[in-house]
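Asker: Please see the structure below; I have some questions.
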Amino acid sequence: MLTAEAHSRRVDSGAMAEVVLIAKFVAKEGRLAELLDVFGVLAPRIQAEEPGCLRYAVHTVAGEETGTVVMVEAFASADAYAEHRASATMAEFGPVLAALVDRPVEVTALEPVALGASAKGRVGG
């Protein structure tokens, strides 16, 4: 698994055209509702304001009540992902999210494996 910093270096190197990743947030005890409320504001803003954002989807882990939120994110390019990371929206919400989680966010970059029908065989735009 890549840390957010290592993933940023990899994306910045131009190793991938479309950037697809999952980000795992573990809420502090009793703070899941607040975390979801923040994503309830953040996700629509990113979806509406970032033209390079292809997917910004909030999920919880089915059957788990520990407060884990998993984001599935896709961006049109490394540049679009870099713009997302550097956006005013992320600067505003980053500290808010950090205050609600009990450990660093785990970011995992995904690389497609061309198997099956192209549209159904991958996550992303």
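The values are calculated or read from the model by the stated rules, or taken from the named source; none is laboratory data. Small disclaimer: the values here were computed from a predicted structure and weren't measured. Every residue, glycine as well, gets a Cβ built from its backbone with ideal geometry; the counts of neighbours run over all protein chains shown.
Asker: Within segment 21-36, which residues are within 10 Å of Thr68 (Cα to Cα) and part of a strand (DSSP E or B)?
Answerer: Lys24, Phe25, Val26, Ala27
Asker: To continue, here is another question. Limited to segment 51-68, what total is found for residues that are closer than 21 Å to Lys24 by Cβ and out of contact with any helix residue (DSSP H, G or I) (no Cβ under 6 Å at 6 or more places or on another chain)? Explain how you work it out, then say what you get.
Answerer: Step one: list which residues in segment 51-68 are closer than 21 Å to Lys24 by Cβ, which gives 53-68.
Subset that is out of contact with any helix residue (DSSP H, G or I) (no Cβ under 6 Å at 6 or more places or on another chain): 54-55, 57, 59-66, 68.
So the answer is 12.
Asker: Kindly list, by first and then second residue, each pair from a residue in segment 83-102 that is without any contact (Cβ under 8 Å) to a residue 60 or more places away in the chain to a residue that is of a type in the set (D, E, K, R) and assigned to a loop (DSSP other than H, G, I, E, B), limited to pairs with Cβ atoms under 9 Å and residues at least 6 apart or on different chains.
Answerer: Glu83/Glu50; His84/Glu50; Ser87/Glu50; Thr89/Glu50; Ala99/Lys28; Ala99/Arg31
Asker: Could you please find all residues in segment 69-87 being of a type in the set (A, V, I, L, M) and under 15 Å from Lys24 (Cα atoms)?
Answerer: Selection gives Val69, Val70, Met71, Val72, Ala74.
Asker: Any residue that is under 15 Å from Lys24 (Cβ atoms) and of a type in the set (Gly, Ala, Ser) - is there at least one of those in segment 99-116? Steps first, answer last, please.
Answerer: Pass one, segment 99-116, residues under 15 Å from Lys24 (Cβ atoms): 100-110.
From the residues that got through so far, the ones that are of a type in the set (Gly, Ala, Ser) too are 109.
Among the residues of segment 99-116, at least one is under 15 Å from Lys24 (Cβ atoms) and of a type in the set (Gly, Ala, Ser), which makes the answer yes.
Asker: Out of the residues in segment 98-123 that are more than 12 Å from the chain's Cα centre (by Cα) and closer than 22 Å to Thr68 by Cα, state the one that is modelled with the lowest pLDDT.
Answerer: Across segment 98-123, the extreme among qualifying residues is Val123.
Asker: Continuing with the same structure: For segment 43-79, enumerate the residues that are assigned to a helix (DSSP H, G or I) and hydrophobic (A, V, I, L, M, F, W, C).
Answerer: Across segment 43-79, the qualifying residues are Ala43, Ile46, Ala48, Ala78.
Asker: Filter segment 90-122 down to residues that are over 15 Å from Ala23 (Cα atoms), surrounded by fewer than 16 Cβ atoms within 10 Å (Cβ to Cβ) and out of contact with any Leu (no Cβ under 7 Å at 6 or more places or on another chain), then give me how many there are.
Answerer: Within segment 90-122, residues that are over 15 Å from Ala23 (Cα atoms), surrounded by fewer than 16 Cβ atoms within 10 Å (Cβ to Cβ) and out of contact with any Leu (no Cβ under 7 Å at 6 or more places or on another chain) number 14.
Asker: Quick one: Val72 ticks every box in (1) more than 22 Å from Glu111 (Cα to Cα); (2) in contact (Cβ under 8 Å) with a residue 40 or more places away in the chain; (3) of a type in the set (A, V, I, L, M) except a single one, so which number is it?
Answerer: Among (1) more than 22 Å from Glu111 (Cα to Cα); (2) in contact (Cβ under 8 Å) with a residue 40 or more places away in the chain; (3) of a type in the set (A, V, I, L, M), the lone unmet condition for Val72 is (1).
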